[in-house]
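FYI, it's all coordinate maths here, none of it is from the lab. Keep in mind the model is a prediction, meaning the values are calculated, not measured. When we count neighbours, we look across all protein chains shown, and the Cβ atoms used for this are built from the backbone with ideal geometry, even at glycine.
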Amino acid sequence: MKKIWNQYSFVIILMFISCSFALILSIQSNANEKDKFIKVTVSEGDSLWELSNQYAGQHSLSNKEFVSWVKKHNINVGDQIFPGDKIMIPVSNEALDTTQFASAIEE
């Protein structure tokens, strides 16, 4: 066993460091993903297209891409949304000012 350790210790240590680094990057990546969307409560008269226009400065998607993203990432969201529905939209928390954040988001 000592002979194997002496022969491959560098490789074993390098593998351990690589796996640790990959785990740390994975955890940080998942934490950053949470900042890329917010939960919005739908108001009377809202549509996905209007929400896309309302938050246009906080995302880089076209209206069509925005609507597709919302439909893909929310359960039971189709062509229509209803008042009181809580939906996730692709908007960064950091991009919103505090008044907009307080009035539009309910977590």
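Annotations for the structure displayed:
- Stretching the chain fully between residue 11 and residue 80 yields a gain of 19.2 nm (0.36 nm per residue, less the alpha carbon separation).
- Shown for 1, 88, 15: other C-beta atoms within 10 Å of each C-beta, ranked fewest to most, produce the order 1, 15, 88.
- Of all lysines in the structure, those lying under 27 Å Cα to Cα from residue 72, and not within fewer than 8 positions of it along the same chain, are 34, 36, 39, 64, 86.
- R0 of 22 Å, Cβ-Cβ distance residue 73-residue 50: FRET efficiency to nearest 0.05: 0.75
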